[in-house]
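Undergrad: Mind having a look at this structure? Questions to follow.
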Amino acid sequence: MFKKSLKRNEKIAGLLFIVPSMAQFLFFFLLPLGLCIWASFTDWNVLVRDKSFIGLGNFAELFQDRKFWIAMRNTVYMLLPIPAYMVLGLLFALACHKNIKGNKVFRVLYYLPYISSIVALVLIWKWIFNSEFGLVNQFLGLFGFDGPNWLNDPTWTRRMIILMIGWKMIGITAIYFLASLKNLPETYYEAATIDGATSTQQFFRITLPLLTPILFYLVTVNIIGSLQTFIEVNLFTTDGGRNYGVATIIYYIWQKAFDYSQMGYACSAAVIFGLFILLLTALQFKISNKWVYEGE
């Protein structure tokens, strides 16, 4: 009887421990997800209480909307620099991994942009890249060059946003790589040194394969983060920039939902975008077993 009572108490205690997490999952994920999917099949307008069912009407209109496809193109464009983020982050991590004087200061400087206020950073960057009095164009003027109109030309604005995101993400990427480098077993390198392997051979045969798990994690996180770019677009541009040339899909969804009060239509765009992220992530996991080192 005592053993049965103990097991029952353990089960109750276990359930009580998982209740907060399950409640969070239910109220902040499952219910909003279900509401979003249901709303995507309605003409829900925030200013009107009626929500009539219209089937696939929102999706049919969505696929014919030119701005939707422009926003999708701009969103995919944000993914292009991710390999550069990874390479530069790894190089910085390797540099900080060396026991050189001042490397702790560099670690702080790399990480500082990531924890800084995004609104403050955007305001600073808008000042630096201002076409009339910005530091960048003033510097180019010293050499007789006329700087581009960074804030009004969609092409240059997209590049500026990518540069800013990279400036933020390279630091945190380097910190993750550095933490992984600190945990690599030294015995592998000792054996490779005895066998006469060079530093380059050790990097490509030992270091890089052992870093592939964290590399896979960082690539996945950076892809999802780049796809969700919103604050930069909202603060750098007005109405997504000229000809909607800077708007991302998150900005498009926000604009439809809160500027135009078309909540049902915005939910349909969110469902399509969610499926896109799901398929992209599933593809990454599918091919990960071909290049990610899983250990012995």
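Undergrad: Scanning region 163-211 for residues that are outside any helix (DSSP H, G or I) and among the small types (G, A, S), which turns out surrounded by the fewest Cβ atoms within 10 Å (Cβ to Cβ)?
TA: Filtering first and then ranking leaves G196.
Undergrad: Just name the residue that is surrounded by the most Cβ atoms within 10 Å (Cβ to Cβ) out of those in region 113-135 that are among the small types (G, A, S) and farther than 16 Å from N149 by Cα.
TA: So, considering only residues that are among the small types (G, A, S) and farther than 16 Å from N149 by Cα, the one surrounded by the most Cβ atoms within 10 Å (Cβ to Cβ) is S116.
Okay, residues lined up against (1) loosely packed, with under 15 Cβ neighbours inside 10 Å; (2) aromatic (F, W, Y):
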position: P213; (1), (2): no, no
position: Y217; (1), (2): yes, yes
position: L227; (1), (2): no, no
position: E232; (1), (2): no, no
position: T237; (1), (2): no, no
position: G240; (1), (2): no, no
position: T248; (1), (2): no, no
position: Y251; (1), (2): no, yes
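Undergrad: Among the residues of region 185-198, is any in the same structural domain as N103 (by TED's automatic domain parsing), out of contact with any Gly (no Cβ under 9 Å at 6 or more places or on another chain) and under 20 Å from L80 (Cα atoms)? Steps first, please.
TA: Going through region 185-198, the residues in the same structural domain as N103 (by TED's automatic domain parsing) turn out to be 185-198.
If we keep only those that are out of contact with any Gly (no Cβ under 9 Å at 6 or more places or on another chain) too, we end up with 185-198.
Right, trim to under 20 Å from L80 (Cα atoms) and you get none.
Checked region 185-198: no residue is in the same structural domain as N103 (by TED's automatic domain parsing), out of contact with any Gly (no Cβ under 9 Å at 6 or more places or on another chain) and under 20 Å from L80 (Cα atoms).
Undergrad: Among the numbered criteria (1) modelled with pLDDT under 90; (2) under 30 Å from V246 (Cβ atoms), which single criterion is violated by V87?
TA: (1)
Undergrad: Which residue, of Y244, Y260, Y217, is closer than 25 Å to V87 by Cα and out of contact with any strand residue (DSSP E or B) (no Cβ under 8 Å at 6 or more places or on another chain)? Let's see the steps before the verdict.
TA: Numbers: Y244 fails: closer than 25 Å to V87 by Cα; Y260 fails: closer than 25 Å to V87 by Cα.
None of the others qualify; the one that does is Y217.
The values are calculated or read from the model by the stated rules, or taken from the named source; none is laboratory data. These numbers were taken from a predicted model, which means no experiment stands behind them. Reconstructed Cβ throughout: ideal geometry from the backbone, glycine too, with neighbour counts over all protein chains shown.
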